[in-house]
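> Sharing a structure with you now.
Here, each number is a calculation from the coordinates, and none is a lab measurement. Note that this is a predicted model, so its numbers are computed, not measured. Cβ atoms come from the backbone with ideal geometry, glycine included; neighbour counts cover every protein chain shown.
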Amino acid sequence: MYEVFCEKIIKGIITKIESKDHYVLADETDEIIRCTIRGKLKKEFNLKKDKLYFTDFASVGDVVVYDLNKDGTGVINSIEERRNYISRKAPRIKGASYRGERLEQVIAANIDKIFIVTSVSEPDFNNKTLDRFIVSAESSDLDVVIIINKIDLAVNDSSQKWQKLYNDIGYTLLLTSVLSVINIDKIKSQLSGNKSLFWGQSGVGKSSILNKMYPGLNLKIGDVSQHTSKGIHTTVTSRMISLDKNTFVIDTPGIREIDPYGIKKEDLSHYFIEFEEFADQCKFNTCTHQHEPGCEVIAAVEKELISAERHDSYLRILGTIEDDLNF
Ligand code: GDP
Ligand code: ZN
């Protein structure tokens, strides 16, 4: 008699990281599988550790190959190459950095679309914060949708001014309110069939928006006062939620700050997409668009072809990149 060994490769997507050794996967039928990592894989990661800049071995959204145990749990054997990923500098928390550098913390991998959520107030809209998120998204080459939520709290029409500014650049910007139920359906129609990341500061209403679209989710809504307390760096606990067979959202509770990771000074202007056509014509190809002679970006700001606000954001971020060199 012959025994047939049929080695079927099973793949899953990481939906949550519970600890360094415990991962939650969704399999092809959306079933939840709790996994550990194959010792060999862990060993490889640890051996390479001083050459790596990542804080974690795998991230939410990673596609993994795993073996299924008899008890229904799994063991991760390998991680597939990422199509894209979005990351930030790891917060300065104990054990998160070594060699005096800040590590890269991958927030999510293999994403189709990113919703950058901001609010009119509580917390106040800050275009510079928004631009930092946009830079991160652009550097990962992701499709960006901007949301300004809580428009029920708007006392003047500055949100419309921002809407025009970002629309002119080419971004979709939705003005929404969970409380007054405005444009929530427009967000929903953009989600279908995609793996979307909801990103933005704490308190802007990400969980509220998701709950409004999908009441069954029952995500925990933060208390406004909680978001004003500063100084505590919670680790990112992003998780992927399945909405239907092909639609997923990744929620990122706990993000308070965003520092784009690994962006070089000379590359920054690429991530301000409306600068590109002017930056190509600057006199010096090393131009950083600050004060150099023959800078076409500055000329475009003067002609109001590029908004002064966006150029200010650019300069501000450029400044923080220079600071990083002193680490
Ligand atoms: P998250 O941290 O981004 O997920 O924000 P939450 O969804 O936890 O919401 C933070 C707070 O803002 C909660 O008190 C919500 O009730 C409130 N909130 C959310 N959306 C709106 C809105 O459209 N209008 C108003 N006025 N408050 C909102
Ligand atoms: Zn220039």
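> Roughly how big is the stretch 158-212's charge dipole about its Cα centre, with Cβ charges of +1 (Lys, Arg) and -1 (Asp, Glu), in debye to the nearest 20?
Here the stretch 158-212 has a charge dipole of around 60 debye.
> Quick one: which of 69-78, 182-191 comes out on top by average Cβ neighbours within 10 Å, and what's the full order, highest first? Provide the component values of the computation, followed by the final result.
Working: 69-78: 13.8, 182-191: 16.0.
Most protected by this proxy first, the peptides run 182-191, 69-78.
> Starting from the Cα of LEU217, step 7 Å along the direction of its Cβ; do the same at ASP112; then give the gap between the two resulting points in nm.
Calculated label separation equals 1.6 nm.
> If you don't mind, there's one more thing I want to ask. Just grab the label-to-label distance for SER242 and LEU165, each label 7 Å out from Cα along the Cβ direction, in nm (one decimal).
Going from the SER242 label point to the LEU165 one covers 4.2 nm.
> If r is the Cβ-Cβ distance from GLU81 to ILE9 and R0 is 22 Å, what FRET efficiency results, to the nearest 0.05?
Here the calculated transfer efficiency is 0.90.
> Given LYS113/LYS188; LYS128/LYS206; LYS20/LYS113; LYS186/LYS212; LYS113/LYS206; LYS42/LYS113, which pairs have Cα atoms separated by over 21 Å? Please list the in-between numbers first.
Details: LYS113/LYS188 13 Å; LYS128/LYS206 19 Å; LYS20/LYS113 27 Å; LYS186/LYS212 12 Å; LYS113/LYS206 15 Å; LYS42/LYS113 31 Å.
From LYS113/LYS188; LYS128/LYS206; LYS20/LYS113; LYS186/LYS212; LYS113/LYS206; LYS42/LYS113, over 21 Å: LYS20/LYS113; LYS42/LYS113.
> Using 0.36 nm times the number of residues separating GLU122 and LYS40, minus their current alpha carbon distance, what extension gain do you get? Please report the intermediate quantities before stating the final value.
Numbers: separation 82, 0.36 × 82 = 29.52 nm, distance 4.73 nm.
The GLU122-LYS40 span can extend by a further 24.8 nm.
> So, one more: Quick check: pseudo-label points 7 Å beyond the Cα along Cα→Cβ at ARG316 and SER180, how many nm apart are they?
Using points 7 Å along Cα→Cβ, the separation is 2.6 nm.
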